Each structure stands twice: as structure tokens, then as C-alpha cells.
1. Run through segment B:36-114 and list the GluC sites (Glu not before Pro) located in a DSSP loop whose Cβ has at most 12 other Cβ atoms within 10 Å.
2. Amide H to amide H under 5 Å from A:Ser5: which residues, 5+ apart in sequence or cross-chain, H placed 1.01 Å off N in plane?
3. Starting from the Cα gyration tensor of segment A:60-99, multiply each eigenvalue by 5, take the square root, and state the resulting semi-axes largest first in whole Å.
4. Using only protein heavy atoms and a 1.4 angstrom probe, determine the accessible area buried between B and A, summed over both sides, in Å² to the nearest 100.
5. Rounded to the nearest angstrom and ordered from largest down, what semi-axes does the equivalent ellipsoid of the protein assembly as shown get from its C-alpha gyration tensor (root of 5λ)?
6. Averaging over every viewing direction, what projected area does the convex hull of the Cα atoms of segment A:1-109 cover, in nm²?
7. Which trypsin sites (Lys or Arg not before Pro) in segment B:12-98 sit in a loop by DSSP (not H, G, I, E or B) and have at most 13 other Cβ atoms within 10 Å of their own Cβ?
8. With a cut-off of 8 Å between alpha carbons and a minimum separation of six or more residues, what is the relative contact order of chain B in percent?
Amino acid sequence: DTGVSQNPRHKITKRGQNVTFRCDPISEHNRLYWYRQTLGQGPEFLTYFQNEAQLEKSRLLSDRFSAERPKGSFSTLEIQRTEQGDSAMYLCASSREGAQPEHTGELFFGEGSRLTVL
Amino acid sequence: AQSVTQLGSHVSVSEGALVLLRCNYSSSVPPYLFWYVQYPNQGLQLLLKYTTGATLVKGINGFEAEFKKSETSFHLTKPSAHMSDAAEYFCAVSRYSSASKIIFGSGTRLSIRP
């Protein structure tokens, strides 16, 4: 179990540029989440996948944000035409969800990808 | 829709004192409830959770929480604080279902005074 891996750990970009973050979940986990966290706030839900299917996307999320999990393994989160308000820590988490509740809600988080938009 | 409210963004207690971090939830259906902890420079990790059954749940490092449906609360307690408990604590909720996103509160920063 190597844990959830996120890359890059830090990204500084200019306003208007596109950025992409990658998340490699724990290998046997079927569910993958993306959250955003700003200073002094809790993680804000963005989207989540069950295997390769995107089950839900936050209504607060603009169309500039897109996420994929093409083969049900790693996932990418792309932000197009970045704005200064996009500056945040982007967190990925994975879990093993199934019929038994003992695994429900046990998210394993990566260390996050910090985005700074100048 | 589900939501959680954490009362107090910052709590400070003396080492050895009782820790009480408050969380109230809102849910139109039976909830699953969680407490996560984030130590400095580390990722979030699950502290404990309530799904079904016993309403008093025990977690790691001596923490426990009690689900009180009548009060829509899930407060986190620890009888005796230790310096290593200093961290950010997040309450979270999801619907009574495995096919549900998890919504986090805004967090409570716990400081421990020597």
C-alpha cells in the first residue's frame, strides 16, 4: 500500500493558463474523490468517481474544471483559463466502497497539490 | 442535502484536560458521520465513524464520539488531552448509502497548552 499520490505537489501559474493535476489512488480502491481546500476551510467537494464513471460533480464547479478517470485507475483534474480565485490546495482521496459498511467513508487522502495563480 | 456545522473554529485546552469538539449535522435521511484529523503538514485521516449500530463510537488515539439523533449532533471527545493531539479536526457527513459523496465541515483547530 503506497498510499494516494498526487502530482505536482506545487504549481505556480499565470492567470489564463491551463493546469492539470494527477492523482494515483490506492490500487484496489474503486472510488476516487477530488476536493478543494482553502486556508481555514474544510475540504470542498468537487467530484467523485466510481471506477471510471463520474457519479457527481459539484454544481458550484464552473465549466472550466474537468476531471477524468479513463481506466478506473488514476485520475486527472484540469482547470482551464485559471483565475486567481482558483488558488487552493486540491486534494485527492480514494476509498473502497461496497456492500459492507466497514469501509464506507474511510477516505485515504493524498498530500494535495497546491495551486497558486498569479 | 447534507451539511455539518462545527462550533468553534479554534479550541484551546490544557494538557490533561477534557477535549470537546462540537459538530451538528443536517440531513434529510439517516446519515453516516465521520471525524477526520489533519496533523500539521500531513493529509487528512479518518479518526472514527458512525454508520449503524452503537451510537457511541471509539476511534484512534483515545477519541470517541456519540451520535445523538434527537440533537442532530456528533460531538468528539477525549478525556485527557495530549500535546500530540494538536491538529485540525473535521466533522463530515454522507447519506446512509455507499453511493454518496462526503461533505466536510469547516474544521476546528485544537491547540494544547502545556
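1. B:Glu71
2. A:Asp24
3. Taking √(5λ) for each eigenvalue gives 24, 12, 9 Å, largest first.
4. For chain B against chain A, roughly 1600 Å² becomes buried.
5. They are 30, 21, 16 Å, listed from largest to smallest.
6. 7.2 nm²
7. Answer by residue number: B:Lys69.
8. Reported relative contact order: 38 percent.
The values are calculated or read from the model by the stated rules, or taken from the named source; none is laboratory data. As the structure is a prediction and not an experimental result, all values here were calculated from the model. Glycine gets a Cβ as well: all are built from the backbone with ideal geometry, and neighbour counts include every protein chain shown. Surface areas here come from the heavy atoms of the whole protein model, side chains and all, with no ligands, DNA or RNA. Shrake-Rupley method; radii C 1.70, N 1.55, O 1.52, S 1.80 Å.
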